[in-house]
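Participant: Below are the structure tokens for one structure; questions will follow.
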Amino acid sequence: MRSVIITALLLVLLAGGLSAQVQTTFKTVADGQEQINGEDIAEPEYSLTREGGQPFQFTPPRTLQLDPNVNYKVLLLDDRITPDILYKHHNWDGQVAEHRLLHLFNTGNPQNPIEKVANFFSPASVQIFNNFEEFADDGTVRFRDPWFVDGNGDQTGEPNDFPSPYIPTGNANYPDPSDAAVFLDQPVTSGRPFYSAEFPTFLSWDRGSTVTPPLAQGDWSLVRVYARDADDAVLTRGMDFRDAAIPFRS
């Protein structure tokens, strides 16, 4: 009888061990700082959803106990914060390719705590001009911002048409130029997000790029893009080119 009780207790302990959870900490970092004026950054709101479960909203910093070896998705409910100045979301966990507000992860082994960091950076205000006024699309810039959040909260990475001159804000819900938000000095490298512009070659309806893409995102050769001012870019009509990267320089 005693051996039966001991065996039962061992089974309970084993079951408890198997159900151990993963300590997971979520926090917002702005320009590498976890605090602003001595206070933790308690924005934006996060929405966490377990695979097959319901979303749970909370403000950072927050430590939660999550189920092991389960897929989760965490979503930032805004792409910008203003604890002192404007900061815009750039990446998760220092992985530049993870630049969207929605981030997927697996909790893995319960013995390994997890830290999920939403990195925000202070952006710059820039203007994009063109000199295509001789064409029928008079004063239009087709600009691609991989961090752009559309009116539905999605980040498709597709180019959008804007009137020239255009001040990118990075979010359709923040159209005012005072909300300008562009990251400077983004490398034009395969596998990383970067800004680019697309424009017609000679006809306003000829917007399709026919260049063979050497990079994962397409052909964004640095062709005839130069600065009007320190942080601005001017697109000029040159030879038969379609796309140009804009690594806004500081």
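The values are calculated or read from the model by the stated rules, or taken from the named source; none is laboratory data. All values reported here derive from a predicted model rather than from experimental measurement. Reconstructed Cβ throughout: ideal geometry from the backbone, glycine too, with neighbour counts over all protein chains shown.
Participant: Regarding Thr59, is this residue polar (S, T, N, Q) and under 24 Å from Asp179 (Cα atoms)?
Facilitator: Taking the combined requirement at face value, the residue satisfies it.
Participant: Which members of the range 162-208 meet the condition of being among the small types (Gly, Ala, Ser), exposed (fewer than 15 other Cβ atoms within 10 Å of the Cβ) and modelled with pLDDT under 85?
Facilitator: The answer is Ser190, Gly191, Ser204, Gly208.
Participant: Sort out which residues of the range 88-97 are closer than 13 Å to Trp147 by Cα and at pLDDT 95 or above, and write them in order of number.
Facilitator: Answer for the range 88-97, where residues must be closer than 13 Å to Trp147 by Cα and at pLDDT 95 or above: Lys88, His89, His90, Asn91, Trp92.
Participant: Please go through (1) of a type in the set (Val, Ile, Thr); (2) exposed (fewer than 12 other Cβ atoms within 10 Å of the Cβ); (3) at pLDDT 95 or above for Thr59 and return the number of the only condition it doesn't satisfy.
Facilitator: Of the numbered conditions (1) of a type in the set (Val, Ile, Thr); (2) exposed (fewer than 12 other Cβ atoms within 10 Å of the Cβ); (3) at pLDDT 95 or above, the odd one out for Thr59 is (2).
Participant: Filter the range 98-153 for residues that are among the aromatic types (Phe, Trp, Tyr) and modelled with pLDDT under 85; which is nearest to Pro175 (Cα to Cα)?
Facilitator: Of everything passing the filter in the range 98-153, Phe143 is nearest to Pro175 (Cα to Cα).
Participant: For the range 47-63, name all the residues that are under 22 Å from Asn112 (Cα atoms) and assigned to a strand (DSSP E or B).
Facilitator: Of the range 47-63, the ones under 22 Å from Asn112 (Cα atoms) are 48-51, 60-63.
Within the range 47-63, Leu48, Thr49, Arg50, Arg62, Thr63 meet the criteria.
Participant: I've got another one for you. Can you spot a residue in the range 5-27 that is within 19 Å of the chain's Cα centre (by Cα), at pLDDT 95 or above and either loosely packed, with under 15 Cβ neighbours inside 10 Å or part of a strand (DSSP E or B) (or both)?
Facilitator: yes
Participant: Looking only at the range 64-84, count every residue that is β-branched (Val, Ile, Thr), part of a loop (DSSP other than H, G, I, E, B) and either under 19 Å from Gly153 (Cα atoms) or out of contact with any strand residue (DSSP E or B) (no Cβ under 8 Å at 6 or more places or on another chain) (or both) and tell me the total.
Facilitator: Count: 1.
Participant: Just to verify a result, which residue in the range 85-96, among those that are surrounded by 12 or more Cβ atoms within 10 Å (Cβ to Cβ) and outside any strand (DSSP E or B), is nearest to the chain's Cα centre (by Cα)?
Facilitator: Checking each candidate, the answer is Val96.
Participant: Kindly check whether there is at least one residue in the range 242-250 that is exposed (fewer than 12 other Cβ atoms within 10 Å of the Cβ), at pLDDT below 80 and farther than 17 Å from Ser125 by Cβ.
Facilitator: Looking through the range 242-250, none of the residues is exposed (fewer than 12 other Cβ atoms within 10 Å of the Cβ), at pLDDT below 80 and farther than 17 Å from Ser125 by Cβ.
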